[in-house]
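**Student:** This structure is in structure tokens; I'll ask about it shortly.
The values are calculated or read from the model by the stated rules, or taken from the named source; none is laboratory data. From a predicted model like this one, the values you see are computed outputs, not experimental measurements. When we count neighbours, we look across all protein chains shown, and the Cβ atoms used for this are built from the backbone with ideal geometry, even at glycine. The area values use the complete protein model at the heavy-atom level, side chains included, leaving out ligands, DNA and RNA. Shrake-Rupley method; radii C 1.70, N 1.55, O 1.52, S 1.80 Å.
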Amino acid sequence: MSAVTTTEAAVTVAAAKDTPQVRRRRRLSPGRRLPAARLAGPVLLLALWAAASAAGQLDPAAIPAPWTVVKTGAHLWTDGTLPTDILTSLQRAATGFVIGLVAGVVLALASGLSRTGEALIDGTVNLNRAIPTLGLIPLFILWLGIGETFKVAIIAIVVYIPIYLNTHAALSGIDHRFVELAEVQGLSRFAFVRQIVVPGALPGFFVGLRLGVTGSWLGLVVLEQINATSGLGYMMFQAQNYGQSDVILVGLVVYGVFGLVSDSAVRLVERRVLSWRRTLSS
């Protein structure tokens, strides 16, 4: 009986050795995307703000409670101040953004697809990038006056630089073997741009687009405090003169919401347009 048991054990061990061991593959990717995950941080910050205000840890004169800010925002909305300022800011930001977007894309294509264009454009844009854009405000006021034109021009500059840099970098990073393949296949210039250049430049373009959207709001905060009679920045500047910290926070919250919504919209378009890519964030 002992011999039979020993024999069976030996057969079992031998069979286990002959059976291929299936190693469990480690998951190195971040995992499945969580729904509304990008709202977790702002919600947590809001909860900490509310808890600290309720506990009396924050000075109401310096940092009002969230419910105070909401009440002030509702009052500004009902009396018509906030809608007018929001509309004015949106018009300024949109106009400057469109001009900067077109300029950034056109210059990037001209520089990325032509050595002559690169020689004339790339160095000039990088020189402009090295100069603080807000430092150009006094000069632009002398050139364009102190009205709306110089504000739109500064926003356009803030927008076009990141769009140009990232799109040009993406164009420069296209594998030259694709260019050789297009030449062998006898593609026309238009077909080459449509099938090779555009897909290769889109990832960098969307990175620059996100930076440009954010930059338009950042520039607007400063510009609307210079000889403006309306706009969110003007409202915040006036509130600073009268010590109304709740009104300032209303303006900051609106800027933050616009920035988050616009960035999320660009991300959504990017995922749709670049759905063929398989990345860590997919």
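**Student:** Between residue 114 and residue 58, what is 0.36 nm times their sequence separation minus the Cα-Cα distance? Round to one decimal in nm.
**Tutor:** Length difference between fully extended and current span is 14.4 nm.
**Student:** Same structure, new question: Given N residues in segment 55-115, what is Rg(Cα) / (2.2 N^0.38 Å)?
**Tutor:** That ratio works out to 2.01.
**Student:** Per residue of the chain, what 222 nm ellipticity follows from adding -39500 (n - 2.57) for every DSSP H run with n ≥ 4, rounded to the nearest 500?
**Tutor:** -24500 deg cm²/dmol
**Student:** At residue 78 and residue 225, where each label point lies 7 Å from the Cα along Cα→Cβ, what is the point-to-point distance in nanometres?
**Tutor:** 3.0 nm
**Student:** Same structure, new question: From the square roots a ≥ b ≥ c of the eigenvalues of the alpha-carbon gyration tensor of segment 147-282, which class results: rounded (a/c under 1.5), prolate (a/b over b/c), or oblate?
**Tutor:** prolate
**Student:** What ranking do 219-232, 155-168, 247-260, 177-190 get when scored by the average of other Cβ atoms within 10 Å per residue, highest first?
**Tutor:** Listed from highest to lowest mean packing, they are 155-168, 219-232, 247-260, 177-190.
**Student:** Something else about it: Using 7 Å Cα-to-Cβ label points, what is the residue 190/residue 142 separation (nm, one decimal)?
**Tutor:** Result: 4.7 nm between the two label points.
**Student:** In addition: Need one word for the chain: rounded, prolate or oblate. Basis is the Cα gyration tensor (sqrt eigenvalues a ≥ b ≥ c); a/c below 1.5 gives rounded, then a/b vs b/c decides.
**Tutor:** The shape class here is oblate.
**Student:** When ligands, DNA and RNA are left out and all protein chains stay put, how many square angstrom of accessible area per residue does the chain have with a 1.4 Å probe?
**Tutor:** 63 Å²
**Student:** Could you tell me the calculated FRET efficiency between residue 71 and residue 272, based on Cβ-Cβ distance and R0 = 45 angstrom, to the nearest 0.05?
**Tutor:** After rounding, the FRET efficiency stands at 0.70.
**Student:** Quick one: net charge of residue 235's neighbours, Cβ under 13 Å, K/R +1, D/E -1?
**Tutor:** -4
**Student:** Over segment 77-167, with every protein chain in place, what whole percent of the accessible area is carbon and sulfur at 1.4 Å, could you tell me?
**Tutor:** 72 percent
**Student:** Would you kindly give the portion of the calculated P(r) for segment 100-205 that falls above 18 Å, as a percent of all Cα pairs?
**Tutor:** Counting pairs separated by more than 18 Å, the tail of P(r) holds 54 percent.
**Student:** In degrees between 0 and 90, to the nearest 10, how far off the longest principal axis of the chain does helix 176-185 point, with axes built from Cα atoms?
**Tutor:** In the chain, helix 176-185 runs at an angle near 80 degrees to the longest axis.
**Student:** If you stretched the chain out fully between residue 244 and residue 124, how much longer would it get, using 0.36 nm times the residue separation minus the C-alpha to C-alpha distance?
**Tutor:** 38.9 nm
**Student:** Give the relative contact order (percent, whole number) for the chain; include only Cα pairs under 8 Å separated by 6+ residues.
**Tutor:** Rounded, it is 22 percent for the chain.
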